[in-house]
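J.: So that we are looking at the same thing, I have put the structure below in structure tokens.
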Amino acid sequence: MNLPWVEKYTPSSLKDFLGESAKELHKQVLSWKRGKAILLLGRSGTGKSSSVHALAKDMSWDIIEVNASDSRNADSLTRIVGAAGSQRSLFSSGKLILIDDIDGIAGREDRGGVQALAKLIAESSFPIIITANDVSDPKFKTIRQKCAVIDYVNLSLLDTVAFLKRVADKERMHVDEDALRHLARIADGDLRAAVNDLQSISYLSKVTREDVSRLGFRERKELVGQALLKVFKTKDPGIALQSFDNLDEDLDELFLWLEENIPVEYTKADDISRAFDAVSVGDVFRGRIRRWQYYRFQVYCYALLSAGVALAKREKYAEAHEYRQSGRILKIWIANQKNLKRKAIAGKIASHTHTSSRRVIQDVLPFMKAAAKNKRFANELSSYLRLDEEETEWLVK
């Protein structure tokens, strides 16, 4: 399986990182003292986590990685980080403990997570390195006080363009210089996003500025169309699985987007059938989430909607499409609006006939509509039931 380009071209050594942040990380690890931690602060895609992995490789140290968004309460952090911080490594002279996305600790289910982390920092025998986008929340005050902070700044436009040019050359892509600059501007310093975008349009024989413009501006959140482009234009499950990582879209909405656009992208019946098979299995897991409130099943939903749909096709489709939002919600709303008039009329009839609205809809209203073909009867019934103009219009149709 081909690696996603963000993994393939991640620097393997700290010396390959641009800027001073990586050098400062090395310096802080070498001078680390027990009771302190190192906090890497910066936007997504600025190289925080990858620089820690590169440093561990350079020093031949083990690395224990924990995502705070997944293991974020006191029990899970203590179980994983506590054990790693107290046990010596069997195969190397040192160890780094990386806790990613500390700002993912939030909410009632995360109770005690910050306090547990502060205690682990005080007790750990090895350097703990924490990454975050923003720790301005007062709940992180204890953590900030125990950390040496290193700011990871956005890559400059020129550095981003130079990196993208090297990747494009190695992948033998034909990309206009103007297209690379435009791609770098859209990424706005997020190198990982820029590389992902470049790979998402690598199927084109030549990439122009217009091709890049179709990706749209990121504003730190990917557009649905861009995420769908990655799913539909790849057969690599590794790339597809990352398609929805930065997507600010409700899972239910994502189902509707795919339902609408699979027949647009895939033209072969077998491909469409296999794609909808993947979506239908994802819908089974969505039903289980609703029924059991077991939200870990969302992992299976996203895997089926991304890699499942991507692998449904026998081969990539070269034709470009503009993906559109589902119109099903609007149709449902229109149908509901029509049903509201029916329910309102049934309720008024039910109050006069001492029966239920449901019985009126089933047994009475069809005959009333037929009788309302007579204009005189319709006017008298409307006056008797005090129907408004729209309800009368519905009745006589």
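The values are calculated or read from the model by the stated rules, or taken from the named source; none is laboratory data. These numbers come from a predicted model, not from an experiment. Methodologically, a virtual Cβ is constructed for each residue, glycine included, from the backbone with ideal geometry; neighbour enumeration extends over all protein chains shown. These area figures cover heavy atoms from the full protein model, side chains too; ligands, DNA and RNA do not enter into them. Shrake-Rupley method; radii C 1.70, N 1.55, O 1.52, S 1.80 Å.
J.: What relative contact order, as a whole-number percentage, does the chain give when Cα pairs under 8 Å and 6 or more residues apart are counted?
T.: Normalised by residue count, the contact order of the chain is 13 percent.
J.: Moving to a separate point now. In Å², and per residue, what accessible area does the chain have when probed at 1.4 Å with the other protein chains present?
T.: 55 Å²
J.: Taking the full set of protein chains and a 1.4 angstrom probe, give the accessible area of F255 in square angstrom, rounded to the nearest 10.
T.: The accessible area of F255 comes to roughly 10 Å².
J.: Report the normalised scattering of the chain as log10 I(q)/I(0) at q = 0.07, 0.13 Å⁻¹, calculated by the Debye formula with identical scatterers on the alpha carbons.
T.: -0.49, -1.13
J.: Right, next: Of K23, K369, K397, which has the most accessible area with a 1.4 Å probe, and how do the rest follow in descending order?
T.: K397, K23, K369
J.: Next up: So what is the relative contact order of the range 112-264, in percent, for Cα pairs below 8 Å that sit 6 or more residues apart?
T.: Here the relative contact order equals 16 percent.
J.: About the Cα centre, and with charges only on the beta carbon of Lys, Arg (+1) and Asp, Glu (-1), how big is the dipole of the chain? Nearest 20 debye, please.
T.: Roughly 1140 debye, rounded to the nearest 20.
J.: While we're looking at this one, here's another question. Just by accessible area at a 1.4 angstrom probe, what is the order of V212, V364 from largest to smallest?
T.: Final ranking, largest accessible area leading: V364, V212.
J.: Turning to a different aspect of this structure: Need one value: the accessible area of D188 in square angstrom, 1.4 angstrom probe, rounded to the nearest 10.
T.: My reading of the accessible area for D188 is about 90 Å².
J.: Something else: Which value, in Å² rounded to 10, gives the accessible area of V299 with a 1.4 Å probe and all protein chains present?
T.: 100 Å²
J.: Let me ask something additional. Which residue, Q226, V66, S213, has the largest displacement toward the positive end of the dipole of the chain when charges sit on each Cβ (Lys, Arg +1; Asp, Glu -1)?
T.: V66
J.: Cross-link partners among aspartates and glutamates for K95, C-alpha distance below 20 Å, same-chain residues fewer than 8 apart left out?
T.: Of all the aspartates and glutamates, those that pass the test against K95 - Cα under 20 Å, at least 8 places apart if same chain - are E24, D58, D62, E65, E123.
J.: At a 1.4 Å probe radius, carbon and sulfur cover how many percent of the accessible area of the chain?
T.: Percent of accessible area from carbon and sulfur atoms in the chain: 51.
J.: Let me ask something else about it. Tally Lys and Arg at +1 and Asp and Glu at -1 over the other residues with C-beta under 14 Å from the C-beta of F276: what net charge comes out? It would help to have the intermediate numbers written out before the result.
T.: Details: positive: K268, R274, K313; negative: E259, E260, E265, D270, D271, D277, D283.
Here the charged neighbours net out to -4.
J.: So for each of 351-360, 142-151 I average, over its residues, the number of other beta carbons within 10 Å; can you give me the resulting order with the highest mean first?
T.: Ranked from most to least packed, the peptides come out as 142-151, 351-360.
J.: Right, next: Which of W394, L381, A371 sits farthest toward the positive end of the charge dipole of the range 352-397, with +1 on the Cβ of Lys and Arg and -1 on the Cβ of Asp and Glu?
T.: About the Cα centre, the residue reaching furthest to the positive side is A371.
J.: Could you give the distance between the Cα centres of the range 144-219 and the range 12-34, to the whole Å?
T.: Using only Cα atoms to place each centre, the spacing works out to 24 Å.
J.: Near K343, which lysines are there with a Cα under 19 Å away, not counting those fewer than 8 places off in the same chain?
T.: In chain and number order, the partners are K331, K369, K397.
J.: Which helices, taking whole DSSP H runs in the chain, have alpha carbons extending 18 angstrom or more along the helix axis plus mean Kyte-Doolittle at least -0.5?
T.: The qualifying helices are 157-170, 251-265, 269-292, 328-353.
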